[in-house]
Amino acid sequence: MRGQLHNVEVRVPASLSDALALLAREPGVWTPLAGGTDLMVVHNAGHLKATRFLDLSRFEELRGIREEAGALTFGALSTFTDLRDSVAVHRHFPNLVKSARATGALAIQNRGTLGGNIANASPAADTPPSLLAYGAEVELLSVRGSRRVAYDRFHLGYKVMDLAPDELVAAIHVPLPTGRGFHYFRKVGTRQAQAISKVCLAAWARIEGGVVADLRIGLGSVAPAPIRARHAEAALLGQALAALPIEAAREALLADISPIDDIRATARYRSVVTRNVLGHMLRELANL
Ligand SMILES: Cc1cc2nc3c(=O)[nH]c(=O)nc-3n(C[C@H](O)[C@H](O)[C@H](O)COP(=O)(O)OP(=O)(O)OC[C@H]3O[C@@H](n4cnc5c(N)ncnc54)[C@H](O)[C@@H]3O)c2cc1C
């Protein structure tokens, strides 16, 4: 049965501190509502248990993309369009621009937010692999204050996050990369646009003296949550571009992923394609 709107209450607090106070008084009762592009689909399908929503959309404190203290800070309400339109994001984090472009179509990009993309905790979401590759941190806010969590420790399992019921995602901080950087993003879906990922891989590497000095690889759709490919990274760190151990890294990747069969792809397809995309990424890196 479809969701009934007359059962729904949307609270619009006057201020962010009022919103935090409400979450603290009644934790777990109020569901944050940002762009609504995930929540409304589940509601419309009649699968959403939540009926009480806390509208975040008026809180200017949660908006904007700004450069501060060696990082770009993205307010949680930054939309995919904001990412696409930002000169600083283009300059420093091209993978995030590609992630935003690969998300839905323009209407979704105009409404859907970065905070919603990560707090929805879908293993198939498109910005998490890029945020993992860029070493992002999530800033969480509650009446108890704010705290930061490294994004690669934020997702604890399928739809399980280091996010208390009285906390909001306030911002995402992404350190500005230094040195000669390599950026790679590849989403594999049924189509180029309007398709949920079957496999998504984003990578960032710093090269020094022809050697892989730093490397992070983020993956989507191949585990219960977005993950770092730590085994593959370890096989590549410190290696010379002239002799990258591509086969060893492809083999090591098998220890990182735990793909499943679902309506979009089989586990075997995901495993083969993830290793192929990694191989493609490494051949590009080798030719840098
Ligand atoms: C047609 C269509 C196509 C789509 N295509 C893609 C795609 O290609 N790739 C992709 O990754 N996604 C896609 N999505 C999913 C969706 O658009 C994104 O996940 C989007 O980023 C969700 O953001 P939102 O602001 O709309 O979240 P909402 O729907 O408002 O919220 C999503 C979840 O996050 C929580 N939440 C939101 N903001 C906060 C916050 N600040 N603090 C704490 N919790 C919060 C909400 O409580 C809810 O649980 C698609 C959706 C549709 C309808």
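The values are calculated or read from the model by the stated rules, or taken from the named source; none is laboratory data. Here the structure is a predicted model, which means the values were calculated and not measured. Counting neighbours? That spans all protein chains shown, and the Cβs are built from the backbone with ideal geometry, glycine included. Please note that ligands, DNA and RNA were not included when accessible areas were found on the heavy atoms of the full protein model with its side chains. Shrake-Rupley method; radii C 1.70, N 1.55, O 1.52, S 1.80 Å.
So the values come out like this:
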{"read-out": "Qualifying residue in region 157-168 (condition: in a helix (DSSP H, G or I) and over 24 Å from residue 53 (Cβ atoms))", "value": "no"}
{"read-out": "From 225, 232, residue being modelled with pLDDT of 95 or more, farther than 16 Å from residue 183 by Cα, under 21 Å from the mean Cα position of the chain (by Cα) and assigned to a loop (DSSP other than H, G, I, E, B)", "value": "225"}
{"read-out": "Residues satisfying the stated conditions in region 98-113, i.e. out of contact with any strand residue (DSSP E or B) (no Cβ under 7 Å at 6 or more places or on another chain) and surrounded by 21 or more Cβ atoms within 10 Å (Cβ to Cβ)", "value": "100, 103"}
{"read-out": "Test result for residue 163, within 7 Å of the ligand (Cβ to nearest atom), open to solvent by 40 Å² or more (accessible area, probe 1.4 Å) and either among the charged types (D, E, K, R) or over 16 Å from residue 200 (Cβ atoms) (or both)", "value": "yes"}
{"read-out": "Within region 206-238, considering residues that are within 30 Å of residue 190 (Cα to Cα) and out of contact with any strand residue (DSSP E or B) (no Cβ under 7 Å at 6 or more places or on another chain), the one least open to solvent (accessible area, probe 1.4 Å)", "value": "223"}
{"read-out": "Flag if residue 81 is within 8 Å of the ligand (Cβ to nearest atom) and under 27 Å from residue 13 (Cβ atoms)", "value": "no"}
{"read-out": "Failed criterion for residue 244 (all others in (1) farther than 30 Å from residue 160 by Cβ; (2) exposed (fewer than 14 other Cβ atoms within 10 Å of the Cβ); (3) among the hydrophobic types (A, V, I, L, M, F, W, C) hold)", "value": "(2)"}
{"read-out": "Residues of region 87-126 satisfying the condition of being within 28 Å of residue 17 (Cβ to Cβ) and part of a loop (DSSP other than H, G, I, E, B)", "value": "112, 120, 121"}
{"read-out": "Criterion violated by residue 132 - all others in (1) within 12 Å of the ligand (Cβ to nearest atom); (2) in a helix (DSSP H, G or I); (3) touching a Lys or Arg at 6+ places or on another chain (Cβ under 6 Å) satisfied", "value": "(1)"}
{"read-out": "Failed item in (1) touching a residue at least 12 places away in the same chain (Cβ under 8 Å); (2) more than 11 Å from the ligand (Cβ to nearest atom); (3) under 24 Å from residue 134 (Cβ atoms); (4) not acidic (Asp, Glu), with residue 21 passing the rest", "value": "(3)"}
{"read-out": "Residue within region 140-153 that is in contact with a Ser or Thr (Cβ under 9 Å, 6 or more places away or on another chain) and near the ligand (Cβ under 9 Å from one of its atoms) present", "value": "yes"}
{"read-out": "Residue match in region 114-123 (condition: free of Cβ contacts under 8 Å to residues at least 40 places away in the same chain and open to solvent by less than 40 Å² (accessible area, probe 1.4 Å))", "value": "yes"}
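Results for (1) assigned by TED's automatic domain parsing to the domain that holds residue 166; (2) of a type in the set (Lys, Arg), shown as yes or no for each residue.
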{"site": "17", "(1), (2)": "no, no"}
{"site": "26", "(1), (2)": "no, no"}
{"site": "33", "(1), (2)": "no, no"}
{"site": "77", "(1), (2)": "yes, no"}
{"site": "91", "(1), (2)": "yes, yes"}
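To keep it simple, each residue is scored yes or no on (1) out of contact with any strand residue (DSSP E or B) (no Cβ under 6 Å at 6 or more places or on another chain); (2) on the phi > 0 side of the Ramachandran plot; (3) surrounded by fewer than 19 Cβ atoms within 10 Å (Cβ to Cβ).
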{"residue": "15", "(1), (2), (3)": "yes, no, yes"}
{"residue": "38", "(1), (2), (3)": "yes, no, no"}
{"residue": "51", "(1), (2), (3)": "yes, no, yes"}
{"residue": "66", "(1), (2), (3)": "no, no, yes"}
{"residue": "89", "(1), (2), (3)": "yes, no, no"}
